[in-house]
């Protein structure tokens with residue numbers, strides 16, 4: 001994991017003034033770029049397009065915005081190029097990377113080596129965007145900071161929040177295309193998670209031939225959509241819970257040797273971990289496999305009890321408290337601990353339990369027929385230990401400085417106290433690393449505002465009990481009378497932070513189909529153990545949003561992070577990293593002309609990556625519940 005990521009700090013969030021019933025205020029700069037005021041903010045090689053209008057030319061300025069000072073309604077759009085960028089080389093494809101979140105952004109690297117960037121706080125898609133597509137040096141990669149995130153700061157007033165929408169980002173990246181490529185199109189757009197919303201809308205508007213508009217080849221030739229999301233159905237909670245607990249159960253079962261439980265060394269993993277024989281940073285504490293990478297002491301009955309408790313926790317969270325991603329934030333968690341209405345069944349657990357469960361959703365699960373890396377092995381076992389320790393009764397749950405070696409969870413680890421002490425040391429270290437990793441390079445303002453106004457934040461539809469809502473609905477929920485037993489206070493406070501859209505135009509759950517569907521050649525890549533897009537979201541995207549040539553590749557055991565390559569800190573790119581980059585390059589090159597031959601041409605890559613094509617029947621991918 002990254003060693004120097006900054007925590008996003010909530011400090012002096014809002015100054016409040018009257019604005020109807022809604023609280024108006026301003027976002028702290030750190031809530032757009034957590035590096036503000038730190039050495040990491042002093043970046044090199046960052047470029048910008050100055051004074052881009054927050055309101056695109058074909059859009060009316062919202063009535064409630066005060067744009068008498070033009071600088072309030074403009075921002076400097078920041079971007080940078082990969083280290084191997086060379087537009088004069090005709091053999092190189094030009095690819096735009098769109099991060100997820102929403103609100104995540106790629107770290108500019110002062111050493112000029114973006115290809116070896118570190119993981120973000122949750123091991124999420126930023127790494128795949130930074131490392132995988134460009135590590136072989138054969139593409140021209142362009143990265144950008146989405147409006148309201150990183151260095152693309154906008155006016156701090158929350159009245160501008162309704163302008164944080166994917167449809168406006170579409171116009172930003174069209175300006176970026178003209179700035180960087182002139183009249184040439186993007187050869188490909190690589191987008192992950194929420195980024196697939198932007199990519200879909202861009203392809204719909206600019207992915208067609210339009211010589212009159214200066215785009216003889218369109219704005220983009222192909223899309224690579226990683227872990228695409230769909231929100232047209234809010235009924236994905238059961239699928240999300242099933243996938244999360246399945247991942248956890250599989251972790252406990254996979255990291256147990258057959259036969260007697262000896263807990264002596266890591267040799268049983270030789271045939272299970274893809275990069276077992278590779279030697280990265282030998283001797284670095286916490287980096288290499290060791291005797292504690294072994295969960296054989298966790299019995300079948302204990303696994304069943306852990307899974308049952310996790311199911312209960314997950315089902316109790318969402319109705320009133322949002323999601324794991326929301327509840328594990330430091331400030332939100334601290335507020336809930338002070339809330340007398342926070343159920344004791346949830347309050348008894350420390351923040352690291354919720355953060356560990358969230359990480360499980362992102363990591364996926366190990367599979368004998370999939371790729372399993374040392375980095376992921378360490379993380380998965382860490383998370384399983386934290387979750388198992390805290391969901392086992394009759395123990396001290398304090399892990400700040402020590403753990404209870406006498407607890408029932410460690411029963412069977414060994415009769416030798418020193419072995420249990422090693423597990424306890426690992427638990428304390430894992431907790432510290434998990435909580436210090438924070439939220440990564442992410443704008444909280446962008447996450448909240450884009451999440452609501454792009455229709456991708458599940459909580460808003462759940463609390464309003466509507467498939468579509470207006471700004472007035474959001475305002476009513478935020479300012480509803482809150483009695484002493486109100487469990488939605490935290491979500492109401494969150495809603496109050498977000499500026500209200502007064503247009504009256506409804507916001508519905510994100511649907512890539514209908515008017516958003518397009519015919520640009522598209523490759524969907526998704527993990528078979530991705531809990532975030534559980535409930536057939538990638539399948540729905542393929543079936544409803546794509547009308548042209550399309551391919552669906554599934555990566556066995558991958559979670560939402562799509563960690564299809566070895567991402568150990570400080571490691572050189574692995575063979576799998578190179579292979580995935582080659583796969584993307586091949587798709588971008590072949591997509592406009594011979595996509596029918598793509599699968600046949602990449603069989604070696606698919607075999608090496610343990611990936612498989614999901615083949616359609618009657619042009620539809622069947623849903624895997």
Output the number of residues of the range 597-613 satisfying the condition of being outside any loop (DSSP other than H, G, I, E, B), buried (at least 17 other Cβ atoms within 10 Å of the Cβ) and out of contact with any helix residue (DSSP H, G or I) (no Cβ under 7 Å at 6 or more places or on another chain). 1
Criterion (free of Cβ contacts under 8 Å to residues at least 12 places away in the same chain and assigned to a helix (DSSP H, G or I)) met by exactly one of 345, 379, 301: 301
Could we say that residue 441 is in contact with a strand residue (DSSP E or B) (Cβ under 8 Å, 6 or more places away or on another chain), modelled with pLDDT under 90 and either more than 25 Å from residue 315 (Cα to Cα) or crowded, with 18+ Cβ neighbours inside 10 Å (or both) here? yes
Does residue 295 count as more than 25 Å from the chain's Cα centre (by Cα), modelled with pLDDT of 80 or more and more than 18 Å from residue 392 (Cβ to Cβ)? no
Checking the condition touching a residue at least 40 places away in the same chain (Cβ under 8 Å), touching a helix residue (DSSP H, G or I) at 6+ places or on another chain (Cβ under 8 Å), under 16 Å from residue 390 (Cβ atoms) and buried (at least 18 other Cβ atoms within 10 Å of the Cβ), which residue from 423, 453 passes? 423
Hey, among the residues in the range 251-266 that are outside any helix (DSSP H, G or I) and in contact (Cβ under 8 Å) with a residue 40 or more places away in the chain, which one's surrounded by the most Cβ atoms within 10 Å (Cβ to Cβ)? 255
Lone unmet requirement of (1) surrounded by fewer than 23 Cβ atoms within 10 Å (Cβ to Cβ); (2) in contact with a strand residue (DSSP E or B) (Cβ under 8 Å, 6 or more places away or on another chain) for residue 492: (2)
Residue check for residue 326: over 28 Å from residue 411 (Cβ atoms), in contact with a helix residue (DSSP H, G or I) (Cβ under 7 Å, 6 or more places away or on another chain) and at pLDDT below 90: yes
Check the range 524-538 and report whether any residue there is part of a helix (DSSP H, G or I), crowded, with 21+ Cβ neighbours inside 10 Å and within 19 Å of the chain's Cα centre (by Cα). yes
Unique residue being surrounded by fewer than 20 Cβ atoms within 10 Å (Cβ to Cβ), more than 20 Å from residue 220 (Cβ to Cβ), out of contact with any strand residue (DSSP E or B) (no Cβ under 6 Å at 6 or more places or on another chain) and modelled with pLDDT under 95 when the list is 578, 594, 549, 586: 578
With respect to residue 108, is the statement that it is at pLDDT below 75, part of a loop (DSSP other than H, G, I, E, B), surrounded by 19 or more Cβ atoms within 10 Å (Cβ to Cβ) and out of contact with any helix residue (DSSP H, G or I) (no Cβ under 7 Å at 6 or more places or on another chain) true? yes
Residues that are farther than 30 Å from residue 188 by Cα and touching a helix residue (DSSP H, G or I) at 6+ places or on another chain (Cβ under 9 Å), drawn from the range 225-237: 234, 236, 237
Identify the single condition in (1) part of a loop (DSSP other than H, G, I, E, B); (2) at pLDDT below 65; (3) surrounded by fewer than 24 Cβ atoms within 10 Å (Cβ to Cβ) that residue 115 does not satisfy, given that it satisfies every other one. (1)
Condition (residue is farther than 27 Å from residue 319 by Cα and either surrounded by fewer than 16 Cβ atoms within 10 Å (Cβ to Cβ) or in contact with a strand residue (DSSP E or B) (Cβ under 6 Å, 6 or more places away or on another chain) (or both)) applied to the range 228-235: is it met by at least one residue? no
Single residue of the range 15-39 satisfying the filter (surrounded by fewer than 15 Cβ atoms within 10 Å (Cβ to Cβ), in contact with a helix residue (DSSP H, G or I) (Cβ under 8 Å, 6 or more places away or on another chain) and part of a loop (DSSP other than H, G, I, E, B)) that is modelled with the highest pLDDT: 37
I need a count of the residues in the range 467-489 that are surrounded by 16 or more Cβ atoms within 10 Å (Cβ to Cβ), within 16 Å of residue 320 (Cα to Cα) and either modelled with pLDDT of 90 or more or touching a helix residue (DSSP H, G or I) at 6+ places or on another chain (Cβ under 6 Å) (or both). 4
For residue 357, are the conditions met, namely being part of a helix (DSSP H, G or I) and within 19 Å of residue 560 (Cβ to Cβ)? yes
Just to be sure before I move on: is residue 287 modelled with pLDDT under 90, under 30 Å from residue 266 (Cα atoms) and under 26 Å from the mean Cα position of the chain (by Cα) in the structure I sent? yes
Anything in the range 185-210 that is out of contact with any helix residue (DSSP H, G or I) (no Cβ under 8 Å at 6 or more places or on another chain) and part of a loop (DSSP other than H, G, I, E, B)? List them, or say none. 193, 207, 208, 209
Before we move on, is residue 248 at pLDDT 85 or above, surrounded by fewer than 17 Cβ atoms within 10 Å (Cβ to Cβ) and assigned to a helix (DSSP H, G or I)? no
With respect to residue 86, determine if the residue is touching a strand residue (DSSP E or B) at 6+ places or on another chain (Cβ under 7 Å), modelled with pLDDT of 70 or more and not in a loop (DSSP other than H, G, I, E, B). no
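The values are calculated or read from the model by the stated rules, or taken from the named source; none is laboratory data. Small disclaimer: the values here were computed from a predicted structure and weren't measured. Quick reminder, even Gly has a Cβ in these numbers, built from the backbone with ideal geometry, and neighbours come from all protein chains shown.
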